[in-house]
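Take a look at the structure set out below.
The values are calculated or read from the model by the stated rules, or taken from the named source; none is laboratory data. Small disclaimer: the values here were computed from a predicted structure and weren't measured. Neighbour counts run over all protein chains shown; Cβ positions are idealised from the backbone, glycine included. The protein model used for the area step is the full one, side chains on, heavy atoms only, and it has no ligands, DNA or RNA in it. Shrake-Rupley method; radii C 1.70, N 1.55, O 1.52, S 1.80 Å.
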Amino acid sequence: ISIILFIHPFLALTKPVGGNILVVEGWLPDYALKKAKERFQQGNYQLLVTTGGEIGAGYHLSEFKTWAEIAASTLKNLDFPEDKIMTAPLHKNIKRDRTYHSILAVQRRLNKEGFNEASIDIVSLGAHARRSWVLSEKIFSSVNVGVIAISPNEYDVSRWWLSSEGVRNVISESVAYLYARFIFSPPIK
């Protein structure tokens, strides 16, 4: 019973460091991007970075080729200041460790733009947040990394076990977190 009651809050961690940069995972739904925009406006962030890999379906019909580009466009349509958005797309068809590779793309882009020492907060959705945070801390080992979990609209997070979406999400993210924390070893560069 304790696991059922505490696993979602454990995985859906919100522990921001009040960083200079807000990193938003590009695959987030529109309502979560809107909340990320609000979070940016409430904080002292200088820059919002969207990340994400190639779109799997509809790639040839869309003007956008990555989730990072879609998220940036969505934010711009929500009247987010265009000069405060930077994309860090992943232009590879990555099948494994997508979160890790997306965060690496953010690191490369920030380093290229001279933000080597900037602290960051990662915005993710629900139970995916802790895994994103753990992987971000592995990559950004010399700066403070925080995390912000946006609550999913698809199920009641306080009673996640009563919906199939909640059960699928919590079980898959629990397994993925354990993999990221105890098994995953970053490839040698």
* About its Cα centre, what dipole magnitude does the stretch 55-120 give when the only charges are +1 on Lys and Arg Cβ and -1 on Asp and Glu Cβ, stated in debye to the nearest 20? -> 420 debye
* Structure fact -> Which residues qualify? For Thr66, with a placed amide H closer than 5 Å and at least 5 residues away or on another chain, they are Ile55
* Residue-by-residue Karplus 3J(HN,Hα) for the stretch 107-117, coefficients 6.51, -1.76, 1.60, Hz, glycine and proline x -> 4, 4, 5, 5, 4, 4, 8, x, 9, 4, 9
* Roughly speaking, what is the stretch gain from Leu178 to Lys84, that is 0.36 nm per residue apart minus the C-alpha to C-alpha distance, in nm to one decimal? -> 30.4 nm
* Structure fact -> Connecting every pair of Cα atoms under 10 Å apart in the chain and solving the GNM, the largest mean-square fluctuation among Gly56, Gly146, Gly166 falls on Gly56
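Heavy atoms only, 1.4 Å probe, whole protein assembly: order Asp83, Asp30 by accessible area, highest first. Can you show the working numbers first?
Details: Asp83 125, Asp30 100 Å².
The most accessible residue leads, giving Asp83, Asp30.
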* In terms of modelled amide H atoms, which long-range or inter-chain residues lie less than 5 Å from the amide H of Thr50? -> Val24, Met86, Thr87, Ala88
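Checking the a/c ratio against 1.5 first, then a/b against b/c, what shape does the Cα gyration tensor give for the stretch 1-96? Let's see the in-between values first.
Working: a/c = 2.12, a/b = 1.23, b/c = 1.72.
Verdict is oblate for the stretch 1-96.
Can you bin the stretch 116-189 into rounded, prolate or oblate? Criterion: square roots of the alpha carbon gyration tensor eigenvalues sorted a ≥ b ≥ c, rounded for a/c under 1.5, prolate for a/b above b/c, oblate for the rest.
On the way: a/c = 3.95, a/b = 1.67, b/c = 2.37.
It comes out oblate by the Cα gyration axes.
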* Structure fact -> The long-range amide H neighbours of Gly146, using H built 1.01 Å from N in the peptide plane and a cut-off of under 5 Å, are Val17, Ile120, Asp121, Ile122
* **Residue-by-residue Karplus 3J(HN,Hα) for the stretch 38-55, coefficients 6.51, -1.76, 1.60, Hz, glycine and proline x** => 4, 5, 4, 5, 7, x, 9, 6, 8, 8, 10, 10, 9, 9, x, x, 5, 6
* Structure fact -> Here the stretch 80-85 yields Karplus 3J(HN,Hα) values (6.51, -1.76, 1.60; θ = phi - 60°; whole Hz; Gly and Pro given as x) of 6, x, 4, 6, 9, 10
* **1.4 Å probe accessible area per residue over the chain, in Å²** => 54 Å²
* Asked: How big is the gap, in Å, between the Cα center of the stretch 1-69 and the Cα center of the stretch 120-158?
  -> 8 Å
* Structure fact -> In terms of the alpha carbon gyration tensor, root eigenvalues a ≥ b ≥ c, rounded if a/c is under 1.5 and otherwise prolate when a/b exceeds b/c or oblate, the chain is rounded
* To the nearest 500 deg cm²/dmol, what mean residue ellipticity at 222 nm is calculated for the chain from DSSP H runs of n ≥ 4 alone, each contributing -39,500 (n - 2.57), summed and divided by the residues? -> -12500 deg cm²/dmol
